[in-house]
Amino acid sequence: MKDTSLRIADFKDSIFGVISRLAREHQAVNLGQGFPDFDGPEWIKDLVTQKMREGHNQYAPFHGTLNLRTEVSNYYKKFYGLNYDLESQVTITVGATEAIYLVIMGLINPGDEVIVLEPFYDSYVASIKMAGGIPVPVTMHAPDFNVDQAELQKAITSKTKLLILNNPHNPSGKVWTREELMQVSELAIKNDLYVLSDEVYEFLLFDGAKHIPTATLPGMYERTITVSSAGKTFGLTGWKIGWICADEKVSRACRLIHQYVTFSVSTPMQEAVAEGLKKLDSYLPEFVATYKAKRDFFYKGMKDLGFNFTIPRGTYFMMVPIESKTQLKDVDYALELIKTRKVATVPPSAFYLKSAEGGKYLRFCFAKKEETLISALANLKGL
Ligand SMILES: Cc1ncc(COP(=O)(O)O)c(C=O)c1O
């Protein structure tokens, strides 16, 4: 038989598959998977059944149901003062992952360069490669995960078309400050770049941290493509409802691809998420309090075990430095912890193309039931 496409020739099975398989084999407590091991709220699950019963079961309009586009447009206006026209600027996708793929496929020609701030969500680089683009990594340096403006400027060439940033940031839990966003924005404007701002953890913020959408910065609305999704906000990552907010030209490009890749997204789920977004004001305080309690509990447990690091102000991840505990690099240490301690984590070197900094950390996900976190800490005791 002839070979499969060159497009995927250097794609490999990810380390996450290996970790998950080993975690199952060794019956390890899994703090690797980046999703909750508990369900989102009952009321929103009930809404899906209700929407199905009401007859929302056929193909949705390809760019999203009117209700969901309306509510997405409404919350950007209400929370951030951003105006996105629901007819021409809001597109519903199969999670943020499809959104990222569409934006990159819609903008990038073969040979175009895309700045990815590492550590990054792994679908960025895969999508860039599928588009024939060239990922250019710029490191967010640990322990604060700051971007060096001179390094970023150096990485930008006449071929650079897009920069991808993630705020709040997986895996570090960093919440970008206005000053940090301004620095990146200035370079984006100066070099006429698009910015894909992945904001899927926009509501997972602690200790008074405030989310600043990139599109709200001066001169950035036109060049920012904002991607988010309902998965993290409602603790229902399997629902896979995401969205793109962008100017008309970029939205149209994304829609042209979307119509042939997925055509349209699950109708009852969209309708339920639309209702969920209407309730954000009353829902968010409890949502944040639940995750804050988990973060505080797990952070204290890790400190008591002798791990020293700054508490994350966003997301449900912690990048935990391992050098005080082992000479091993992240992948080997992660494998050792699964086998000898029955705790699974993610080795973050998979989120880097350039820097070796990832080798000094493990990513722990604390979006887990209390008993899961207790078991993990008990297993790690005495490290
Ligand atoms: C930074 C980041 N972006 C995007 C996604 C994907 O979101 P979705 O499940 O909506 O496709 C994730 C999921 O873990 C993520 O961490």
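Say we look at region 197-210 and pick out the residues that are surrounded by fewer than 19 Cβ atoms within 10 Å (Cβ to Cβ) and in contact (Cβ under 8 Å) with a residue 60 or more places away in the chain; which of these is nearest to the ligand (Cβ to nearest atom)? Can you show your working first?
First pass over region 197-210, keeping only residues surrounded by fewer than 19 Cβ atoms within 10 Å (Cβ to Cβ): 207-210.
Filter again for in contact (Cβ under 8 Å) with a residue 60 or more places away in the chain, leaving 207, 209.
Numbers: Asp207: 20, Ala209: 16 Å.
Of everything passing the filter in region 197-210, Ala209 is nearest to the ligand (Cβ to nearest atom).
Using beta carbons and a limit of 9 Å, which pairs, at least six apart or on different chains, have the first residue in region 101-127 and closer than 18 Å to Ala188 by Cα and the second one within 15 Å of the ligand (Cβ to nearest atom) and assigned to a loop (DSSP other than H, G, I, E, B)?
Here the result reads Leu117/Phe145; Leu117/His169; Glu118/Tyr352, each pair linking region 101-127 to a residue that is within 15 Å of the ligand (Cβ to nearest atom) and assigned to a loop (DSSP other than H, G, I, E, B).
Under 6 Å by Cβ, and 6 or more places apart or on different chains, what pairs join a residue from region 62-75 that is under 17 Å from Arg255 (Cα atoms) with one that is modelled with pLDDT under 95?
So the pair list comes out empty.
Would region 129-151 turn up any residue that is within 12 Å of the ligand (Cβ to nearest atom) and under 14 Å from Tyr352 (Cβ atoms)?
Taking region 129-151 as the starting set, the residues that turn out to be within 12 Å of the ligand (Cβ to nearest atom) are none.
Looking for residues that are within 12 Å of the ligand (Cβ to nearest atom) and under 14 Å from Tyr352 (Cβ atoms), one finds none in region 129-151, hence no.
In region 214-265, how many residues are away from the ligand (no atom under 13 Å from the Cβ), of a type in the set (S, T, N, Q) and crowded, with 20+ Cβ neighbours inside 10 Å?
Quick first cut of region 214-265, residues away from the ligand (no atom under 13 Å from the Cβ) only: 214-225, 245-261, 263-264.
Add one more test, that the residue is of a type in the set (S, T, N, Q), and what stays is 214, 216, 224, 251, 259, 264.
Then drop every residue that is not crowded, with 20+ Cβ neighbours inside 10 Å, which leaves 214, 224, 251.
Total meeting the criteria: 3.
Which ones in region 28-74 are within 16 Å of the ligand (Cβ to nearest atom) and of a type outside the set (Asp, Glu)?
Residues of region 28-74 within 16 Å of the ligand (Cβ to nearest atom): 30-37, 39-40, 44, 64, 68, 72.
Result: Asn30, Leu31, Gly32, Gln33, Gly34, Phe35, Pro36, Gly40, Ile44, Gly64, Leu68, Val72.
Results for (1) in the same structural domain as Val288 (by TED's automatic domain parsing); (2) closer than 22 Å to Arg295 by Cα, shown as yes or no for each residue.
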| site | (1), (2) |
| --- | --- |
| Ser20 | yes, no |
| Gln27 | yes, no |
| Gln33 | yes, yes |
| Lys51 | no, no |
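If a residue must be within 17 Å of Ser185 (Cβ to Cβ) and polar (S, T, N, Q), how many such residues does region 200-236 contain?
4
For Pro110, work out the one condition from (1) more than 15 Å from the ligand (Cβ to nearest atom); (2) in a loop (DSSP other than H, G, I, E, B); (3) open to solvent by less than 10 Å² (accessible area, probe 1.4 Å) it doesn't fulfil.
That leaves (3) as the condition not met.
Can you tell which of Lys51, Lys12 is assigned to a loop (DSSP other than H, G, I, E, B) and of a type in the set (Lys, Arg)?
Working: Lys51 fails: assigned to a loop (DSSP other than H, G, I, E, B).
From the options Lys51, Lys12, the qualifying one is Lys12.
What's the number of the condition Val29 fails, among (1) in contact with a helix residue (DSSP H, G or I) (Cβ under 8 Å, 6 or more places away or on another chain); (2) open to solvent by 30 Å² or more (accessible area, probe 1.4 Å); (3) closer than 30 Å to Ala350 by Cα?
Unmet for Val29, out of (1) in contact with a helix residue (DSSP H, G or I) (Cβ under 8 Å, 6 or more places away or on another chain); (2) open to solvent by 30 Å² or more (accessible area, probe 1.4 Å); (3) closer than 30 Å to Ala350 by Cα: (2).
Say whether the condition of being away from the ligand (no atom under 16 Å from the Cβ), under 20 Å from the mean Cα position of the chain (by Cα) and in a helix (DSSP H, G or I) is met by at least one residue in region 80-91. It would help to see each step written out before you state the result.
Of all residues in region 80-91, those away from the ligand (no atom under 16 Å from the Cβ) come to 80-89.
Right, trim to under 20 Å from the mean Cα position of the chain (by Cα) and you get 80.
Narrowing the set further to residues that are in a helix (DSSP H, G or I) leaves 80.
There is at least one residue in region 80-91 that is away from the ligand (no atom under 16 Å from the Cβ), under 20 Å from the mean Cα position of the chain (by Cα) and in a helix (DSSP H, G or I).
Quick test for you: out of Phe351, Phe297, Phe317, pick the one residue that is in contact with a strand residue (DSSP E or B) (Cβ under 9 Å, 6 or more places away or on another chain) and over 30 Å from Tyr75 (Cα atoms). Working first, answer last.
On the way: Phe297 fails: in contact with a strand residue (DSSP E or B) (Cβ under 9 Å, 6 or more places away or on another chain); Phe317 fails: over 30 Å from Tyr75 (Cα atoms).
From the options Phe351, Phe297, Phe317, the qualifying one is Phe351.
The values are calculated or read from the model by the stated rules, or taken from the named source; none is laboratory data. This structure is a prediction, so every number in the text was calculated from the model and none was measured. A quick note on method: Cβ atoms are made from the backbone with ideal geometry, for glycine too, and the neighbour counts reach across all protein chains shown. All accessible areas refer to the heavy atoms of the entire protein, side chains included, with ligands and DNA or RNA removed. Shrake-Rupley method; radii C 1.70, N 1.55, O 1.52, S 1.80 Å.
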